[in-house]
Amino acid sequence: MLLKNSEIQPGLHPATETTDKERPVTPESILANSLFYRLKRDVLELVAHMNHGVSHNDCEVIKRQTMFVQSQLLHSLYSDPSLASNVKILLMDYHAKSIRATLGDRRGEHLRDKS
């Protein structure tokens, strides 16, 4: 999970990071190094564990749980003193976009990634 396995090193980008021997860049390696992908994967994994064996008639409960878990993870990451401030800003921007998209869905709007 993100909080167990991540080591965020500012200035290193998965596509440009070099080591003694070059590793091939694959979609899996890019995703494995993507902070946003790992965050979303962890959120979805936690929500899936919360709902294991529970049936829901609609997705509203799962949407609320997803936003709650995401906000809790992001707040804990934001409070982490070892996290670079520019990464914190990116995380909060991602969270704001997620909230806007969720509210837009509830209102019947289509606000997905207009930027």
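Please verify whether Glu7 is at pLDDT below 75 and of a type outside the set (A, V, I, L, M, F, W, C), treating the condition exactly as stated. Taking the combined requirement at face value, the residue satisfies it.
In the condition set (1) more than 16 Å from Phe36 (Cβ to Cβ); (2) at pLDDT 85 or above; (3) in contact with a helix residue (DSSP H, G or I) (Cβ under 8 Å, 6 or more places away or on another chain), Ser98 is compliant with all but (1).
Taking only pairs six or more apart or across chains, which ones have beta-carbon atoms under 9 Å, a first residue in the stretch 45-70 that is free of Cβ contacts under 8 Å to residues at least 12 places away in the same chain, and a second residue that is assigned to a loop (DSSP other than H, G, I, E, B)? Every condition considered, the pairs that remain are Val61/Asn51; Val61/Val54.
The residue pairs whose first member lies in the stretch 73-100 and is part of a helix (DSSP H, G or I), whose second member is surrounded by 13 or more Cβ atoms within 10 Å (Cβ to Cβ) and β-branched (Val, Ile, Thr), and whose beta carbons are closer than 6 Å, counting only pairs six or more residues apart or on different chains, are Val87/Ile8.
Within the stretch 30-49, the set of residues being loosely packed, with under 14 Cβ neighbours inside 10 Å and part of a helix (DSSP H, G or I) comprises Ile30, Leu31, Ala32, Phe36, Tyr37, Glu45, Ala48, His49.
The values are calculated or read from the model by the stated rules, or taken from the named source; none is laboratory data. Not measured: the values here are computed from a predicted model. So basically every Cβ, Gly included, is an ideal-geometry build from the backbone, and we count neighbours across all protein chains shown.
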